[in-house]
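S.K.: Sending over a structure as structure tokens; questions will come in a sec.
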């Protein structure tokens, strides 16, 4: 077995499978995208070995680990055969210590060539956060709720512009209604991992486009330095009157049940105020979705205007539009980006 640093490990991971041998709960909290979980210990076993280590020391903890896993080691080797038919595999645990070495030893009996990540998942996380903290040539697309920013960015991406869809990675559309129709959100830790997985492929010579977001997208929080850099990047704000935004929002949210919509309104009830909350809920009950959206838009528009005043620095370019046509507005913001000085 060989130990290799994170840069070499990630290069090899493009060609060979990665086995994350940490416990299932550690893996779920955050893992290298694409890695397979072949845990040496399950969560209960890991806790038991940890207690033994604290009470009796390393040697007794090893014996406890063998006692707990010995009868199942053949199953772990079978899993390695499944994911590494080419007989070469990359392995990591939390720090690149005993769990990785034990599994590499096991895999060697199956004649599987193994490389261990030096420093383990901890070194990967340090690498991820360091890379996400780097300043890149970035353009932020802003605009009031319902301005179709996500659709505009997807259009730009389909035409060759560098775009990372933060809301797609977070499985959330960013508002109190953002969880509707979405898969469960990743943890903030794993969000950073999958963000890095896209970020590492960015061409630094060309600008990267991101949608303007709060520090959190639903329950997911962006890494501090990454968000700070977003706040300092030039921002293009698309200005669209509410009546132009309403039809698309009505079309999008009319597919959800009144109970789901009212649940989303309740999430912002303190910020809407009692009268507005009551009126919005009544509008949903009577089927007047347009009125309900108008009420919530007033809150979101006010909140976004305030957020713009808190941007630390950088250019803000305003682009007015009288249409909700995605292609037309994409061309408008792309043209506006020519005003940016780097």
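The values are calculated or read from the model by the stated rules, or taken from the named source; none is laboratory data. Just so it is clear, the structure is predicted and the values come from calculations on it, not from any experiment. Reconstructed Cβ throughout: ideal geometry from the backbone, glycine too, with neighbour counts over all protein chains shown.
S.K.: Just checking, how many residues over the stretch 102-114 are in a helix (DSSP H, G or I) and buried (at least 17 other Cβ atoms within 10 Å of the Cβ)? Break it down stepwise before answering.
M.R.: To start, the set of residues in the stretch 102-114 that are in a helix (DSSP H, G or I) comprises 102-108.
Keeping just the survivors that are buried (at least 17 other Cβ atoms within 10 Å of the Cβ) gives 102-104, 106-107.
Number of matching residues: 5.
S.K.: Moving on to the next point. Would you mind stating whether residue 220 is without any contact (Cβ under 8 Å) to a residue 60 or more places away in the chain and buried (at least 19 other Cβ atoms within 10 Å of the Cβ)?
M.R.: On the way: without any contact (Cβ under 8 Å) to a residue 60 or more places away in the chain: yes; buried (at least 19 other Cβ atoms within 10 Å of the Cβ): yes.
Against the criterion (without any contact (Cβ under 8 Å) to a residue 60 or more places away in the chain and buried (at least 19 other Cβ atoms within 10 Å of the Cβ)), residue 220 qualifies.
S.K.: Now for a separate question. Residues of the stretch 11-33 being in contact (Cβ under 8 Å) with a residue 60 or more places away in the chain and more than 26 Å from residue 67 (Cβ to Cβ), which ones?
M.R.: Scanning the stretch 11-33 gives 12, 13, 16, 17, 18, 29, 30, 31, 32, 33.
S.K.: Further question on the same structure: Every residue in the stretch 173-200 that is surrounded by 19 or more Cβ atoms within 10 Å (Cβ to Cβ) and out of contact with any helix residue (DSSP H, G or I) (no Cβ under 9 Å at 6 or more places or on another chain), please.
M.R.: none
S.K.: Scan (1) crowded, with 17+ Cβ neighbours inside 10 Å; (2) under 15 Å from residue 155 (Cβ atoms); (3) over 28 Å from the mean Cα position of the chain (by Cα) for the single condition residue 333 breaks and write down its number.
M.R.: Unmet condition: (3).
S.K.: Where in the stretch 235-341 are the helices (runs of 4 or more DSSP H), entirely inside, with at least 3 residues that are at pLDDT below 95? Working first, answer last.
M.R.: Details: elements: 242-253, 258-267, 269-272, 274-285, 289-309, 326-336.
Helices (runs of 4 or more DSSP H) meeting the threshold: 242-253, 258-267, 269-272, 274-285, 289-309.
For (1) touching a strand residue (DSSP E or B) at 6+ places or on another chain (Cβ under 8 Å); (2) in the same structural domain as residue 53 (by TED's automatic domain parsing); (3) assigned to a strand (DSSP E or B); (4) in contact (Cβ under 8 Å) with a residue 60 or more places away in the chain, each residue gets a yes or a no:
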site: 77; (1), (2), (3), (4): no, yes, no, no
site: 85; (1), (2), (3), (4): no, yes, no, no
site: 96; (1), (2), (3), (4): yes, yes, no, yes
site: 116; (1), (2), (3), (4): yes, yes, yes, yes
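S.K.: Quick one: which residue in 238, 289 is surrounded by 14 or more Cβ atoms within 10 Å (Cβ to Cβ), touching a helix residue (DSSP H, G or I) at 6+ places or on another chain (Cβ under 7 Å) and farther than 20 Å from residue 304 by Cα? Reasoning before the result, please.
M.R.: Numbers: 238 fails: farther than 20 Å from residue 304 by Cα.
None of the other options fit; the residue is 289.
S.K.: Let me ask something additional. Condition first: loosely packed, with under 15 Cβ neighbours inside 10 Å and in contact with a strand residue (DSSP E or B) (Cβ under 6 Å, 6 or more places away or on another chain). Now tell me which residues in the stretch 310-330 satisfy that.
M.R.: 316, 318, 320
S.K.: Taking residue 319 and the conditions (1) under 28 Å from the mean Cα position of the chain (by Cα); (2) under 13 Å from residue 142 (Cβ atoms), which numbered condition does it fall short on, given that it satisfies the others?
M.R.: With (1) under 28 Å from the mean Cα position of the chain (by Cα); (2) under 13 Å from residue 142 (Cβ atoms) applied to residue 319, the lone miss is (1).
S.K.: Read through the list (1) in a helix (DSSP H, G or I); (2) without any contact (Cβ under 8 Å) to a residue 40 or more places away in the chain; (3) in contact with a helix residue (DSSP H, G or I) (Cβ under 8 Å, 6 or more places away or on another chain), then give the number of the only condition that residue 39 fails.
M.R.: (1)
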